[in-house]
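Engineer: Dropping the structure in here first, questions after.
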Amino acid sequence: MSLIAQFQPHTFSTIPEDGSVCWQSPSNIALVKYWGKHGQQLPRNASISFTLRNCHTTTALHYQKKEGNDFQFEVFLDGKREEGFEPKILKFFERVEPYFPFLRKYMFQIETSNSFPHSSGIASSASGMSALALCLLSIERSLTPEMTEDFFNQKASFIARLGSGSASRSISGPLVVWGTHPKVEGSNDLFGIEYPYPVHHRFKNYQDTILLVDKGEKQVSSTLGHDLMNDHPYAQNRFAEANKNLEKLQPIFEGGILSEFIKIVESEALQLHAMMLASDPSFILMKPNTLEIIQRIRTFREETGSNACFTLDAGANVHLLYPEFEKERVQDFIENQLKSLCANGEFIHDAAGMGAFKIG
Ligand code: DP6
């Protein structure tokens, strides 16, 4: 059976009148970046991320049988109706409907909240879309008790991907690969898989402090950003470079070679921004404090021999990554030298986590 065919649903003769499910799903931070997509949310290159632990979305999905054949749902953020989210959810429902025949049979209430402030500049699409995908999978599992855990996780990642590409990497952890790569067994474009090779204990419980440089709305939506890669003069080289970087990470993970890890991770972040700088139209998403923080991290490394390094998403915030054994010294450095460069002095301490879990 083809990978995609396995996710086609069974037909159910009866479905319950009503019910509720609830999942908590984390955000993730890419080490090798996904930037460029085609078809139905298929990546142009393979990517790998650390799943996070503290930055997460909790989503409860309440469902009740209804008449008619339309999609019916309401979204609540922190208890308040959030109609602004509804067009995105409608698009998601339309996309995933072939995989969940019960979608038109229910009225849904989607109650969602994030552990991080809405305006923090932290993208909630990975955690939000994966949490919703998991809720839908839980409904399907209640109708298909023979469903295996592996199948559940794969389909959850597959469905999350249809909501937001990076959401496919939030189901499990701590390291998830998404996108076909000839050197990563089992990797594919349809869903994320746990990184299948040895990882040195230095990478266990890896720390990520998110330095909130700019808390405004995103300047460039990820959809527009990915589109910019379609006619981009450097696109093909970038996709090849990402795949090379993922391959280079394998001996680094196995041997715990932090100095090489830093080079790849920082280069990936800068390449992502280089693509945006060189696209048409171009985007400069770093802010002066983003650059100042990067400089201070590099100076700190030179002066102390630390292994702390930075990565960036498509925005101005900086993720400071460091091994657990350096926690105290790096967190002192953050307090003393980086905090003042963050908006309202705000940052979030996070670390690699194991993925989503069901809470109801
Ligand atoms: C820069 O997953 O937000 O964070 O698939 O359009 O929803 P869509 O894009 P999205 O892109 C994330 C891009 C990135 C890098 C990464 O997470 O790999």
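Engineer: Taking only the stretch 221-261 into account, find how many residues are in a loop (DSSP other than H, G, I, E, B) and closer than 14 Å to residue 43 by Cβ. I'd like the intermediate steps shown before the answer.
Structural biologist: In the first step, residues of the stretch 221-261 are kept if they are in a loop (DSSP other than H, G, I, E, B); the result is 221, 229-234, 256-257.
If we keep only those that are closer than 14 Å to residue 43 by Cβ as well, we get 229-230.
Count: 2.
Engineer: Across the stretch 165-184, what is the number of residues that are closer than 28 Å to residue 330 by Cβ and assigned to a helix (DSSP H, G or I)?
Structural biologist: Residues flagged as closer than 28 Å to residue 330 by Cβ and assigned to a helix (DSSP H, G or I) within the stretch 165-184 amount to 2.
Yes/no per residue for (1) among the small types (Gly, Ala, Ser); (2) in contact with a helix residue (DSSP H, G or I) (Cβ under 6 Å, 6 or more places away or on another chain):
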| position | (1), (2) |
| --- | --- |
| 170 | yes, yes |
| 174 | no, no |
| 179 | yes, no |
| 185 | no, no |
| 196 | no, no |
| 204 | no, no |
| 225 | yes, no |
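Engineer: Which pairs do you get when a residue that is more than 22 Å from residue 222 (Cβ to Cβ) and assigned by TED's automatic domain parsing to the domain that holds residue 171, found in the stretch 125-141, comes within reach of a residue that is more than 11 Å from the ligand (Cβ to nearest atom) and of a type in the set (Lys, Arg), reach meaning Cβ atoms under 7 angstrom, with the pair 6+ apart or on two chains?
Structural biologist: Pairs found: 137/155; 138/358.
Engineer: What about residue 312, is it surrounded by 16 or more Cβ atoms within 10 Å (Cβ to Cβ) and without any contact (Cβ under 8 Å) to a residue 60 or more places away in the chain? Before the answer, list the steps.
Structural biologist: Working: surrounded by 16 or more Cβ atoms within 10 Å (Cβ to Cβ): yes; without any contact (Cβ under 8 Å) to a residue 60 or more places away in the chain: yes.
Here the answer is yes, as residue 312 does meet what is asked.
Engineer: What's the total number of residues in the stretch 260-315 that are under 24 Å from the mean Cα position of the chain (by Cα), away from the ligand (no atom under 16 Å from the Cβ) and of a type in the set (Asp, Glu)?
Structural biologist: Here the count works out to 1.
Engineer: Hey, among the residues in the stretch 257-291 that are surrounded by fewer than 16 Cβ atoms within 10 Å (Cβ to Cβ) and of a type in the set (Asp, Glu), which one's nearest to residue 339 (Cα to Cα)?
Structural biologist: Ranking the qualifying residues of the stretch 257-291, first place goes to 260.
Engineer: Pairs please, first residue from the stretch 264-289 and assigned by TED's automatic domain parsing to the domain that holds residue 340, second anywhere and among the basic types (Lys, Arg), Cβ atoms under 7 Å, 6+ apart in sequence or on different chains.
Structural biologist: The qualifying pairs are 264/248; 268/33; 271/238; 272/33; 275/238.
Engineer: Within the stretch 152-173, is there a residue that is touching a strand residue (DSSP E or B) at 6+ places or on another chain (Cβ under 6 Å) and of a type in the set (Val, Ile, Thr)?
Structural biologist: Checking the stretch 152-173: at least one residue is touching a strand residue (DSSP E or B) at 6+ places or on another chain (Cβ under 6 Å) and of a type in the set (Val, Ile, Thr).
Engineer: In addition: Could you list, in sequence order, the residues of the stretch 297-315 that are under 15 Å from residue 329 (Cα atoms) and among the acidic types (Asp, Glu)?
Structural biologist: Answer for the stretch 297-315, where residues must be under 15 Å from residue 329 (Cα atoms) and among the acidic types (Asp, Glu): 302, 303.
Engineer: Can you name the residue in the stretch 37-83 that is polar (S, T, N, Q) and away from the ligand (no atom under 16 Å from the Cβ) and, of all such residues, is modelled with the lowest pLDDT?
Structural biologist: 69
Engineer: Can you tell me which residue within the stretch 232-250, out of those that are in contact with an Asp or Glu (Cβ under 9 Å, 6 or more places away or on another chain) and under 19 Å from residue 178 (Cα atoms), is nearest to the ligand (Cβ to nearest atom)?
Structural biologist: 242
Engineer: Failed condition for residue 122, given (1) away from the ligand (no atom under 13 Å from the Cβ); (2) assigned by TED's automatic domain parsing to the domain that holds residue 96; (3) closer than 22 Å to residue 25 by Cα, with all others met?
Structural biologist: Failed condition: (1).
Engineer: Within the stretch 285-357, considering only strands (runs of 3 or more DSSP E) that don't extend past its boundaries, which have at least 3 residues that are touching a helix residue (DSSP H, G or I) at 6+ places or on another chain (Cβ under 7 Å)? Explain how you work it out, then say what you get.
Structural biologist: Details: elements: 309-312, 318-322, 347-351.
Here the list reads 309-312, 318-322.
Engineer: Which members of the stretch 214-256 meet the condition of being exposed (fewer than 15 other Cβ atoms within 10 Å of the Cβ) and either hydrophobic (A, V, I, L, M, F, W, C) or in the same structural domain as residue 38 (by TED's automatic domain parsing) (or both)?
Structural biologist: Of everything in the stretch 214-256, those that are exposed (fewer than 15 other Cβ atoms within 10 Å of the Cβ) and either hydrophobic (A, V, I, L, M, F, W, C) or in the same structural domain as residue 38 (by TED's automatic domain parsing) (or both) turn out to be 224, 240.
Engineer: Oh, and also: Restricting to the stretch 185-213, name every residue that is within 15 Å of the ligand (Cβ to nearest atom), in a loop (DSSP other than H, G, I, E, B) and charged (D, E, K, R).
Structural biologist: Result: 189, single match.
Engineer: Of the residues 162, 134, which is part of a helix (DSSP H, G or I), buried (at least 19 other Cβ atoms within 10 Å of the Cβ) and more than 16 Å from the ligand (Cβ to nearest atom)? Don't jump to the end; show me each part of the working.
Structural biologist: On the way: 162 fails: more than 16 Å from the ligand (Cβ to nearest atom).
Result of the check over 162, 134: 134.
The values are calculated or read from the model by the stated rules, or taken from the named source; none is laboratory data. Keep in mind that this is a model prediction, so the values were computed, not measured. Using ideal geometry, Cβ is built from the backbone for each residue, glycine included, and neighbour counts are taken over all protein chains shown.
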